[in-house]
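Presented below is the structure to which this report refers.
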Amino acid sequence: METNIFTLIAFGVATLIAMWVIFYFIPVGLYFTAAMSGVNVSLIQLVFMRWRKVPPTLIVHALIKATKGGIHVSTDELEAHFLAGGNVDKVVDALIYANARAIHLTFREAATMDLGRKDIVAEINPNK
């Protein structure tokens, strides 16, 4: 009887550890957040982001912000900018700012300015 209890406890602990590993690598909650916000990102993309050491939460939240701000950017562009050492949020904010003021600014231009450590908003604002 003791071995059955020990086996049951060991199985329970192993199950909890396995579930933690699965939910760490497959952020289901983040997937549903993206889906409910109108952002098209797959579970596989989220898993690959983790493997590439890109924080999926950062990318998905930036995609949501861009989508709600009327900007189209891809996960690949945001991931590449993050991996290059750029500030993803700053670039998305600048794109939204430029779009709201009818200033032509592409993702590539904003990313280049950000990687050059320039204040993007100050660079594109014609009033300064």
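The values are calculated or read from the model by the stated rules, or taken from the named source; none is laboratory data. None of these values were measured; they are calculated from a predicted model. Backbone-built Cβ (ideal geometry, glycine too); neighbour counts: all protein chains shown.
Laid out as a table, the results:
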read-out: Segment 71-100 - residue that is exposed (fewer than 13 other Cβ atoms within 10 Å of the Cβ) and over 23 Å from THR33 (Cβ atoms) and, of those, farthest from the chain's Cα centre (by Cα); value: ALA100
read-out: Close pairs (7 angstrom Cβ cut-off, 6 or more residues apart or separate chains): outside any loop (DSSP other than H, G, I, E, B) and modelled with pLDDT under 90 in segment 41-56, loosely packed, with under 14 Cβ neighbours inside 10 Å and of a type in the set (Phe, Trp, Tyr) anywhere; value: VAL47/PHE25; ARG50/PHE25
read-out: Filter result (closer than 9 Å to SER37 by Cα and hydrophobic (A, V, I, L, M, F, W, C)) within segment 56-70; value: ILE64
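Conditions (1) small (Gly, Ala, Ser); (2) without any contact (Cβ under 8 Å) to a residue 24 or more places away in the chain, marked per residue:
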{"residue": "THR15", "(1), (2)": "no, yes"}
{"residue": "PHE25", "(1), (2)": "no, no"}
{"residue": "THR33", "(1), (2)": "no, no"}
{"residue": "ALA66", "(1), (2)": "yes, no"}
